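Asks: Take a look at this one; I'll ask things after.
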Amino acid sequence: MPFVIVVLPSAKSDLQSAADWYEKKQFGLGKRFSEEIIKAIDSIDNPVKEYGSAFLNLSRIFVKHFPYIIYFRKDLSRQRIIVYAILHDKQDRELILKERF
């Protein structure tokens, strides 16, 4: 049974801000960024791949072609993947993620 993916409002805001920034840099790049984020999130549901804890008991996955990291947690008992943040790799993850908990 596949996991239900829940993207928290703060992570949606991260995605929208970054996509807008990329779109201002180059037409169509924001859309390409969003597509890579979606691919990365969808790949988390792969039952073969395991993700260890990276920070605050959250796992992470790196986004292809962009310097972004998705922070998430798999809730096995409820069959959910909860996405907490989509952050540029230069952002202060410790500060941002602690504010969100």
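The values are calculated or read from the model by the stated rules, or taken from the named source; none is laboratory data. Keep in mind that what you see is a predicted model, and the values were worked out from it rather than measured. Using ideal geometry, Cβ is built from the backbone for each residue, glycine included, and neighbour counts are taken over all protein chains shown.
Asks: Condition check: in contact with a strand residue (DSSP E or B) (Cβ under 8 Å, 6 or more places away or on another chain), touching a residue at least 40 places away in the same chain (Cβ under 8 Å) and under 18 Å from L8 (Cα atoms). Does I37 satisfy that?
Replies: For I37, the condition - in contact with a strand residue (DSSP E or B) (Cβ under 8 Å, 6 or more places away or on another chain), touching a residue at least 40 places away in the same chain (Cβ under 8 Å) and under 18 Å from L8 (Cα atoms) - is met.
Asks: Something else now. Which of the following residues is assigned to a loop (DSSP other than H, G, I, E, B) and of a type in the set (S, T, Y): S59, S53?
Replies: S53
Asks: Which residue pairs have Cβ atoms closer than 8 Å, lie 6 or more positions apart in sequence or on different chains, and pair a first residue in the stretch 51-71 that is closer than 17 Å to K90 by Cα with a second residue that is assigned to a loop (DSSP other than H, G, I, E, B) and β-branched (V, I, T)?
Replies: I61/I44; I69/V63; I70/I44; I70/V63
Asks: Here's another thing I want to ask about it. Scanning the stretch 11-37 for residues that are small (G, A, S) and touching a Phe, Trp or Tyr at 6+ places or on another chain (Cβ under 7 Å), which turns out nearest to S77 (Cα to Cα)?
Replies: Per the criteria, the residue is A11.
Asks: Provide a single number: the residues in the stretch 62-99 that are over 26 Å from K31 (Cβ atoms), among the basic types (K, R) and not in a strand (DSSP E or B).
Replies: Of the residues in that region, 2 qualify.
Asks: Filter the stretch 41-50 down to the residues that are under 12 Å from the mean Cα position of the chain (by Cα) and part of a loop (DSSP other than H, G, I, E, B) and list them by number.
Replies: Within the stretch 41-50, I44 is the sole residue that qualifies.
Asks: Just checking, which of I38, I81 is closer than 22 Å to V6 by Cβ and in contact with a helix residue (DSSP H, G or I) (Cβ under 8 Å, 6 or more places away or on another chain)?
Replies: When all the criteria are applied, what remains is I81.
Asks: Output the residue which, of all residues in the stretch 24-35 that are of a type in the set (G, A, S) and part of a helix (DSSP H, G or I), is surrounded by the fewest Cβ atoms within 10 Å (Cβ to Cβ).
Replies: S34
Asks: Filter the stretch 85-101 for residues that are at pLDDT below 90 and under 12 Å from A11 (Cβ atoms) and give the result.
Replies: I96, L97, R100 - these are the residues of the stretch 85-101 that are at pLDDT below 90 and under 12 Å from A11 (Cβ atoms).
Asks: Just checking, how many residues over the stretch 1-21 are part of a loop (DSSP other than H, G, I, E, B) and more than 16 Å from I44 (Cβ to Cβ)?
Replies: So the count comes out to 0.
The rows are residues; the columns are (1) polar (S, T, N, Q); (2) surrounded by 14 or more Cβ atoms within 10 Å (Cβ to Cβ); (3) at pLDDT 95 or above.
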site: L8; (1), (2), (3): no, yes, yes
site: Y22; (1), (2), (3): no, yes, yes
site: I37; (1), (2), (3): no, yes, yes
site: I44; (1), (2), (3): no, yes, no
site: L56; (1), (2), (3): no, yes, no
site: H65; (1), (2), (3): no, no, yes
site: Y68; (1), (2), (3): no, yes, yes
site: L76; (1), (2), (3): no, no, no
site: V83; (1), (2), (3): no, yes, yes
